[in-house]
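The values are calculated or read from the model by the stated rules, or taken from the named source; none is laboratory data. Here the structure is a predicted model, which is why all the values come from computation and not from measurement. In this analysis, Cβ positions are derived from the backbone assuming ideal geometry, glycine residues included, and neighbour counts consider all displayed protein chains. Note: areas computed on protein heavy atoms with side chains; ligands, DNA, RNA excluded. Shrake-Rupley method; radii C 1.70, N 1.55, O 1.52, S 1.80 Å.
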Amino acid sequence: MVSSYQLPKNYDFAEVEERWRGTWRDEDHYFDRNSKKPQFVIDTPPPYPTGNFHIGNALNWCYIDFFARYKRMKGFNVMFPQGWDCHGLPTEVKVEELNHITKNDVSREEFRRLCHELTEKNISLMRLTLRKMAFSTDWSNEYITMMPDYYGKTQLSFLRMLKSGYIYQSEHPVNYCIRCETAIAFAEVAYDDRETQLNYFDFDGVEIATTRPELLAACVAVAVHPTDGRYNHLKGRKMIVPLFGHGVPVVLDEAVDPTFGSGAVMICTFGDKQDVHWWKQHNLALRKAIDRQGKMTGIAGKYEGLNTTDCRTAILDDMKSQKILKRQENLAQRVGTCWRCKTPIEILSERQWFVKIKPDEIQEAAHQITWYPEHMLLRMENWVEQMEWDWCISRQRIFATPIPVWFCKKCGEIVIPDERDLPVDPTLVTPKHPCPKCGSNEFAGEVDVLDTWMDSSISVLNVTGWDGSGTPPYFPAQIRPQGHDIIRTWAFYTILRSVALTGSKPWEEILVNGMVLGEDGFKMSKSRGNIIVPEEILGKYGADALRQWAAMGAATGSDIMFNWNDVVAASRFQTKMWNIAKFALIQLEKEGYDQKAPVTALADRWLLVRLSDTIQQVSAAMECYQFDTAIKAIREFAWDTLADNYIELVKGRLYTGDASRRSALLVLHTAFDALCKMLAPFTPYFAEECYSHLNQGASVHKQPWVSFTYEDEAARYEGNLLAQVVAEVRKYKHDTGLALNAPLGKVTIYCPHTVNDEGDTGRTLNADVHWRTDAAKLERVITDIDFNRSVIGPVFRKQAQAFMTAIKALPPHQLADPPKTITLDGSEVGIPENSFAPKFSYLEEGAKVDVITVGDVIVTIAKSA
Ligand SMILES: [Zn+2]
Ligand SMILES: [Zn+2]
């Protein structure tokens, strides 16, 4: 061990962080499957491997690491796994960009290989950031959703839910992105405000307004309100669709707004969700005018093969030339778009796979989970309440978990693999058995793949050891930490899948974190140029400062604005703490500390009370994930109580070598030891560095959470007074131009309680301090008069001097309570208001003293001559 005298002057975070990173062992964070300790399993979010661990991730992971480390210290067997949610469009798009190809230019296997390669590269980049941030990840429980052992489980979960009737396939309208050529779920639809045109045209004698004329070929009915008298003559009639000539029924529906346009609307398959609703309600025909590539189909007649935009132009042109287009108006519209590429979504009816949504089951499980903060449960409730469609889980993409089914070419039967043969890619292998229905051996493998959320929504089953047989051994997990932006996706789907596969809630608690906003208060985005990268902060101020920022930023669940000043403040706190540490270590090194030393001095007892209070406060905050409360309490104790008050008070005692020095040393050690332990979850490097110096190389991360308690009501009260008195007298010294260590003379403290300060006050103030329990006997005298010349001048002019002389001649009782008039040069003149004020001083035993009051304590100061 280096001597404390040789500790570096400044805290060098870069050197310290790198050194400890090289010393810590991964094994120390492994979940112990044989442990008797209570388990604490965390369903860590598997981030998308973009290669950049962004600041929002950093915030979320800081929260996780705070409680993972805390729970370990509290005696839990903690699992803090790390997953990677690999599949999906963003990687496919990136691979297309990087290789200047589209997914159709190479074979499916080659495309998948490219996606794999990119993903692996990105994961290794992100692992590095996780390590620098000092997250206590359990790398023995890492999972990668694109790997066979994981996606085999995704396939198993699919088969189980298929067998239990939760999963079905059906031709049903779904949200579809024609650019990405895939179905997407409702949760993935973004909304955009756009300007469009409303076109009024003649529809077989009735005026109809539409924003989607290109869907005319898909028109399947005209709807009017049942009580709209204007259309009585249409009831029961068929109408002829202009340009296309097919007949459609007229349906009556309460949902039609008679005041919008002409009150008659056309129903197409499908313009929007309302069309889907009417289509089901009135059992209408299905006319598919747009295909998966966004091209017009055969039923569009001469428009076949056009894309939707060209088709719209062509149809409007034809309406004009046939003189059926009456007028056009601009209309502001909210359009559903693809979350990935912003292309407006189409609603297409296609054969897809669905997961049944049973709202009551999900609500029930959601209510059995404890939500932090509590109001986030409402978001889940609202989302479940508004669910109208089942979850479409099939995607028409490549880099994803294959749907493990085949279709019999002869009879159409769905054929599934044996569970022990999973994982399978049905496009590469065939079933091991003939068709159970017709005995045929000819199959078509399902080419659709699974929605990525099908992978990530079993993360909790995976980490708790699910293998399909019964309830997983570590299920349910203790906690799910995640952002509020994915409540309606990840949280929702996970609850759904856990209930469907195990009949139980997935976790006991869910901790929802907010988003990180840029320094300008806006969501971080490339276009705003307000993106802050964790690596930049790590380079400038280190991981501990960044982690403190995350803890301090805001109450858990609230959005948090990034602010460099907060990071700088965090780093300053470390500098201050380092100075305290060096001071304490040097004192302790001189003669060590005696664990049995009697603690008698007021300052010592007081510090232990304040420490005990802080520990209770911090522990309570950690239990309910209020990290900002915890770190604020720690900082306040360390900075204000310990550094600014206590150490100033006992410094003198520590230098004297007096017997009571041992008491102060023990207290210093106790406080510093506790501070390291409380800081360990927040600033793991800094806490480790200080603790190892304090305790001969021991690791703070292997210590139990601090459990110190100390009760002494008198010390709390009197010690607070003591600290205040000292602070006030020091302020007095400063205000009267004295150096803080300058001798002060005699200080008498009139305090109703008996105080044993072991001489601390005298040494700190460099004064002859007397504590007295009797009442102060002070005499108030007027020693001077303040004249207000701006009042006196204008009133008395040449007589001003005479006026002041006359006032000075007044007896003390008249100065304190002046008369209305005064005699000046023989005549009675009025004394103007505010023309003077007497100045009082105090006399104690005949000597002039300055007086300070602190609550019911009176302090007199007789300055040395
Ligand atoms: Zn798209
Ligand atoms: Zn068959």
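Taking Cα atoms only, the orientation of helix 602-623 departs from the longest principal axis of the chain by about 10 degrees. Label sites at residue 324 and residue 773, each approximated as a point 7 angstrom past Cα along Cα to Cβ, lie 10.6 nm apart. Only Lys, Arg, Asp and Glu carry charge here, each on its Cβ (+1 for the first two, -1 for the last two); on that basis the stretch 640-688 has a dipole of about 220 debye about its Cα centre. Axis of helix 13-23 versus longest Cα principal axis of the chain: the two differ by about 60°, to the nearest ten degrees. Between the C-alpha center of the stretch 348-425 and that of the stretch 18-83 there is a gap of 29 Å.
Counting Lys and Arg as +1 and Asp and Glu as -1, each charge on the Cβ, what is the dipole of the stretch 96-148 about the Cα centre in debye, to the nearest 20? Provide the component values of the computation, followed by the final result.
Values: 8 positive and 9 negative charges, 43 e Å.
Using Cβ point charges on Lys, Arg, Asp and Glu, the stretch 96-148 gives about 200 debye.
Projected label points at residue 533 and residue 850, each 7 Å from Cα along the beta carbon direction, are separated by 5.6 nanometres.
Which pairs, out of 295/320; 9/132; 103/288; 132/582; 590/848; 71/576, put more than 32 Å between their alpha-carbon atoms? Pairs exceeding 32 Å: 590/848.
Give the shape of the stretch 465-620 as rounded, prolate or oblate, defined through the alpha-carbon gyration tensor: a ≥ b ≥ c are the square roots of its eigenvalues, a/c under 1.5 means rounded, and otherwise the shape is prolate if a/b is larger than b/c and oblate if not. Before the final figure, lay out the partial values.
Values: a/c = 2.89, a/b = 1.47, b/c = 1.97.
Taking the square roots of the gyration eigenvalues as a ≥ b ≥ c, the stretch 465-620 is oblate.
Label reach from residue 18 (point 7 Å along Cα→C-beta): in the stretch 110-140, amide nitrogens under 14 Å belong to 132. Ranking 543, 769, 441 by Cα position along the charge dipole of the chain, where only Lys, Arg, Asp and Glu carry charges on their C-beta atoms, puts 441 farthest toward the positive end. Anisotropy class assigned to the stretch 63-121 is prolate, per the alpha carbon gyration tensor with a/c at or over the 1.5 cut-off and a/b larger than b/c. Rounded to two decimals, the Cα radius of gyration of the stretch 768-819 over 2.2 N^0.38 Å is 1.78. Counting only other residues whose beta carbon sits under 11 Å from that of residue 754, what net charge do I get with K and R as +1, D and E as -1? That works out to -1. Restricting attention to the stretch 387-546, the count of lysine pairs at 8 or more positions apart or across chains with alpha carbons under 19 Å apart stands at 4. Of the residues 236, 720, 474, the one whose Cα sits farthest towards the positive end of the charge dipole of the chain is 236 (charges of +1 on Lys and Arg Cβ, -1 on Asp and Glu Cβ, taken about the Cα centre).
Working value for the chain: equivalent-ellipsoid semi-axes of 74, 41, 22 Å, each the square root of 5 times a Cα gyration tensor eigenvalue, largest first. Computed extension gain for residue 620 through residue 699, at 0.36 nm per residue and net of the alpha carbon distance, reaches 26.0 nm.
Any idea what the relative contact order of the chain is, in percent, if you count C-alpha pairs under 8 Å spaced at least 6 apart?
The normalised contact order for the chain reaches 12 percent.
Once the Cα atoms are used to define both axes, helix 627-636 deviates from the longest principal axis of the chain by about 20 degrees. When the Cα centres of the stretch 471-500 and the stretch 667-707 are compared, how far apart do they sit, in Å? Answer, in whole Å: 34. Its DSSP H runs of at least 4 residues, each contributing -39,500 (n - 2.57), put the calculated 222 nm mean residue ellipticity of the chain at -11500 deg cm²/dmol, to the nearest 500.
Oblate is the label for the stretch 555-632, because the ratio a/c of its alpha-carbon gyration tensor axes (a ≥ b ≥ c) is 1.5 or higher and a/b is not greater than b/c. Equivalent-ellipsoid semi-axes for the stretch 791-862 (Cα gyration tensor, √(5λ), whole Å, largest first): 34, 13, 11. Of the residues 812, 417, 634, the one whose Cα sits farthest toward the positive end of the charge dipole of the chain, with +1 on the Cβ of Lys and Arg and -1 on the Cβ of Asp and Glu, is 417.
The heavy atoms of residue 105 present about 100 square angstrom of accessible area, all protein chains included, probe 1.4 Å.
Pairs of Cα atoms nearer than 8 Å and 6+ residues apart set the relative contact order; for the stretch 78-197 it is 30 percent.
Using only side-chain charges placed at the Cβ, +1 for Lys and Arg and -1 for Asp and Glu, the dipole size of the stretch 326-412 relative to its Cα centre rounds to 820 debye.
Here the extension length gained between residue 238 and residue 839 equals 206.0 nm, from 0.36 nm per residue of separation less the Cα-Cα distance.
Modelled label positions at residue 192 and residue 140, each set 7 Å beyond Cα in the direction of Cβ, lie 5.0 nm from each other. Electrostatic bookkeeping for residue 342 treats Lys and Arg as +1 and Asp and Glu as -1; over the other residues with beta carbon under 10 Å from its beta carbon, the sum is +1.
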